[in-house]
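Engineer: Could you have a look at this structure, given as structure tokens, before my questions?
Every number here is computed from the coordinates shown, using simple stated rules; none is lab data. Everything numeric here is computed off the predicted structure, so don't read it as measured data. Heads up, the Cβs are rebuilt from the backbone with ideal geometry, glycines too, and the neighbour counts pull from every protein chain shown.
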Amino acid sequence: MPVAISVDPPEVSENLRRKRGYTFPFLSDSKAEVIRRYELLHPRGGPDGTDISRPAEFLIDRSGTVRWENFTEDIRVRPRANELLAGARAIR
Amino acid sequence: MADTTARRLTLAPWMGLLLTVLGVLSNGLPFMGFPAGPVPWISLLLSLLGFVVVLLGLWRAFGQSAVYKGKLSGSIAAAFSLLFLAGAVVFFWSARHIPAESAAAPQVGQRVPDFALPDSTGHSVSLTQLFSGSVGKEPPKALLLVFYRGYW
């Protein structure tokens, strides 16, 4: 199950979720606390010079162990679905 | 008289401008399902190529003014394409520049720290709760934590 996390407030995420028809949860880390703890902070990366998260994906199993992850160097370059699925298939 | 009618208008500056604009627009290719990997380079290359074509046009209009006309229109096209090229270069660097090192980020094989955050309805949800699943649904075998930039 995907879980989306950003600094967007819940209302904004709810709006996005409804508009796109997503059914998975969107979590709001408005103070970037979890983003900081995962060391994903992109300082002043937001449009108003606010601190945001860099794009990153973690596939974690039930024990909370990371099985696959992806960081991008370029905000336009994102992982392909088949890379992720290869990681997911390894989890039983 | 024969001189002015024989002079051709060089379209190169406008073709070049079109290429620089296409270069900037090509940044949107990943949204259309195009593999994202080479896109930043394609965009930059298109814009650069466009500007080279513009320079060729200017050289024609100014250097070979006996054959070609279009000094004014060529200059206008050149000014715009320079603007788009500058924008493309700035965007290329800013989009690639993610300052976070993430050296201490959770690595494959490590456990991620648990946390609780409000969901889009404002209710606090923890990682453990997400794994236990909602009522009437099978608990998920895995979670894909997608950190994204926000401001959508």
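Engineer: What does the helix-only formula give at 222 nm for chain B: each DSSP H stretch with n ≥ 4 adding -39500 (n - 2.57), the total divided by the residues, and the result rounded to the nearest 500 deg cm²/dmol? If you can, show how the numbers build up before the last one.
Structural biologist: Working: 5 runs with 71 residues, N = 152.
About -15000 deg cm²/dmol.
Engineer: Ranked highest first by the average count of other Cβ atoms within 10 Å around their residues, in what order do B:73-81, A:10-18, A:44-52 fall?
Structural biologist: B:73-81, A:10-18, A:44-52
Engineer: Relative to the compact-globule scaling 2.2 N^0.38 Å, provide the ratio for the alpha-carbon radius of gyration of the protein assembly as shown.
Structural biologist: On the way: Rg = 24.7 Å, N = 244, 2.2 N^0.38 = 17.8 Å.
Compared with the compact-globule rule of thumb, the protein assembly as shown sits at 1.39.
Engineer: Calculate the translational D of chain B in whole µm² s⁻¹ from Stokes-Einstein, where the hydrodynamic radius comes from the Kirkwood formula applied to all Cα pairs, the temperature is 10 °C and the viscosity 1.306 mPa s. It would help to have the intermediate numbers written out before the result.
Structural biologist: Numbers: Rh = 20.2 Å.
For the chosen part, D equals 79 µm²/s.
Engineer: If each DSSP helix of 4+ residues adds -39,500 (n - 2.57) and the sum is divided by the residues in chain A, what number results at 222 nm, nearest 500 deg cm²/dmol? Before the final figure, lay out the partial values.
Structural biologist: Numbers: 3 runs with 25 residues, N = 92.
Calculated mean residue ellipticity at 222 nm is -7500 deg cm²/dmol.
Engineer: Another question, if that's okay. Counting other beta carbons within 10 Å of each residue's own, what order do B:69, A:31 fall into, fewest first? The partial results should precede the final answer.
Structural biologist: Numbers: B:69 16, A:31 11.
Least to most surrounded, the residues fall as A:31, B:69.
Engineer: Something else about it: Relative contact order for chain B: what is it in percent, counting Cα pairs under 8 Å that are at least 6 residues apart?
Structural biologist: Values: 159 pairs, mean separation 32.7, N = 152.
That works out to 22 percent.
Engineer: Over the whole of B:124-132, what's the average partner chain Cβ count within 10 Å per residue? Rounded to a whole number, please. Provide the component values of the computation, followed by the final result.
Structural biologist: Numbers: counts 1, 3, 1, 5, 1, 1, 5, 6, 1.
The shielding value for this peptide is 3.
Engineer: Something else about it: Under 8 Å for C-alpha pairs, at least 6 residues apart: give me the relative contact order for segment A:39-90, rounded to a whole percent.
Structural biologist: Working: 55 pairs, mean separation 11.9, N = 52.
23 percent.
Engineer: Summing Lys, Arg as +1 and Asp, Glu as -1, what charge do residues with Cβ under 12 Å from the Cβ of residue B:62 carry, residue B:62 excluded?
Structural biologist: Working: positive: B:60, B:69, B:71; negative: none.
Taking every Cβ under 12 Å from that of residue B:62, the sum is +3.
Engineer: Using only Cα atoms and rounding to the nearest 10 degrees, what angle (0 to 90) does helix B:71-96 make with the longest principal axis of chain B?
Structural biologist: With rounding to tens, the tilt is 20 degrees.
Engineer: I would also like to ask the following. Please compute the contact order of chain A in relative form: average sequence separation of alpha-carbon pairs under 8 Å and at least six residues apart, divided by the residue count, as a percent.
Structural biologist: Relative CO of chain A lands at 18 percent.
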